[in-house]
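Below is one structure, written out as structure tokens; comments come after it.
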Amino acid sequence: MEEMMKELPSGLLRVIVSKKDIKQRVGEIAEKISNDYRDEDNLVVIGVLKGAFIFMADLCRRLNVWHTADFMAVSSYGLGGEESGAVRIIMDLRESITDRHVLIVEDILDSGATLNYLMRILGSRKPASLRTCVLLDKGRSAIETPVNYLGFTIPDVWVVGYGLDFAEEYRTLPYIAEIRKK
Ligand code: PRP
């Protein structure tokens with residue numbers, strides 16, 4: 001693996017998903033989505049900021065189906081850095097999604113609280129359909145969260161890169177790596 005040859009930035013323990021594997025999987029997911037929505041002409045792809053911005057950009061550029069892009073930013077209420085499960089909207093969509101086919105794009109499924117909240121909020125706006133595309137699943141979500149398109153199931157460790165941060169660092173790494181939990 002290319003990344004293995006070089007030294008990882010300090011604080012990172014190992015590469016979990018390489019740049020090459022991400023590229024290949026994003027292509028496969030884009031092909032599947034393009035196929036599933038081939039008869040639709042009103043797909044809106046919704047990126048969940050900030051973490052999904054790089055995945056979303058790569059994914060949308062490989063879709064062969066007409067779509068528009070929109071974004072939402074949400075935040076978990078946390079006490080002392082721990083998530084409490086309550087989510088709020090920081091920035092809402094620009095456009096109405098009523099009667100549109102909606103695909104939510106998330107970088108990671110952890111507790112499942114964020115995606116669950118988004119499904120509920122966006123579902124109440126009466127879209128024609130509502131699906132989810134998630135790059136990484138830690139497999140620890142206690143909440144029943146339907147993921148229609150999944151990139152990778154990863155171990156339950158702290159990860160950064162390809163949009164994911166630790167205190168706003170590491171988002172632009174081209175791979176997903178495990179970070180030492182401080
Ligand atoms: C992360 C990630 C997901 C969410 C997943 O966002 O991007 O949106 O947490 O966790 P959950 O399944 O436990 O809800 P974060 O709050 O770190 O914000 P960011 O994307 O702006 O970095």
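The values are calculated or read from the model by the stated rules, or taken from the named source; none is laboratory data. Since the structure is predicted, the reported quantities are computational estimates derived from the model, not experimental observations. Here the Cβ positions follow ideal geometry from the backbone for every residue, glycine too, while neighbour counts run over all protein chains shown. For the accessible areas, the whole protein counts, side chains as well, though only heavy atoms, and no ligand, DNA or RNA atoms are used. Shrake-Rupley method; radii C 1.70, N 1.55, O 1.52, S 1.80 Å.
Looking at segment 50-63, which of the residues that are open to solvent by 50 Å² or more (accessible area, probe 1.4 Å) and in contact (Cβ under 8 Å) with a residue 40 or more places away in the chain is farthest from the ligand (Cβ to nearest atom)? Spell out the reasoning first.
First pass over segment 50-63, keeping only residues open to solvent by 50 Å² or more (accessible area, probe 1.4 Å): 50, 53, 61-62.
Keeping just the survivors that are in contact (Cβ under 8 Å) with a residue 40 or more places away in the chain gives 50, 53.
On the way: Lys50: 4, Phe53: 9 Å.
Filtering segment 50-63 for residues that are open to solvent by 50 Å² or more (accessible area, probe 1.4 Å) and in contact (Cβ under 8 Å) with a residue 40 or more places away in the chain, the one farthest from the ligand (Cβ to nearest atom) comes out as Phe53.
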Which condition from (1) at pLDDT below 95; (2) touching a Lys or Arg at 6+ places or on another chain (Cβ under 9 Å); (3) surrounded by fewer than 17 Cβ atoms within 10 Å (Cβ to Cβ) is the one that Ser34 breaks? (1)
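In segment 97-117, which residues are farther than 22 Å from Glu28 by Cβ and either within 9 Å of the ligand (Cβ to nearest atom) or β-branched (Val, Ile, Thr) (or both)?
Correct list: Ile97, Thr98, Asp110, Ser111, Gly112, Ala113, Thr114, Asn116, Tyr117.
Where residues in segment 105-130 are part of a strand (DSSP E or B) and touching a residue at least 40 places away in the same chain (Cβ under 8 Å), which of them is surrounded by the most Cβ atoms within 10 Å (Cβ to Cβ)? Spell out the reasoning first.
First, the residues of segment 105-130 that are part of a strand (DSSP E or B): 105-109, 129-130.
Filter again for touching a residue at least 40 places away in the same chain (Cβ under 8 Å), leaving 105-108.
Working: Val105: 25, Glu106: 24, Asp107: 27, Ile108: 22.
In this case the residue turns out to be Asp107.
Tell me, please, whether a residue that is part of a helix (DSSP H, G or I) and either open to solvent by less than 40 Å² (accessible area, probe 1.4 Å) or more than 9 Å from the ligand (Cβ to nearest atom) (or both) can be found in segment 133-144.
The initial filter retains those residues of segment 133-144 that are part of a helix (DSSP H, G or I), namely none.
No - not one qualifying residue is present in segment 133-144.
Every residue in segment 4-46 that is among the hydrophobic types (A, V, I, L, M, F, W, C) and within 17 Å of His101 (Cβ to Cβ), please.
The initial filter retains those residues of segment 4-46 that are among the hydrophobic types (A, V, I, L, M, F, W, C), namely 4-5, 8, 12-13, 15-17, 22, 26, 29-30, 33, 43-46.
Hits for segment 4-46 are Ile29, Ala30, Ile33, Leu43, Val44, Val45, Ile46.
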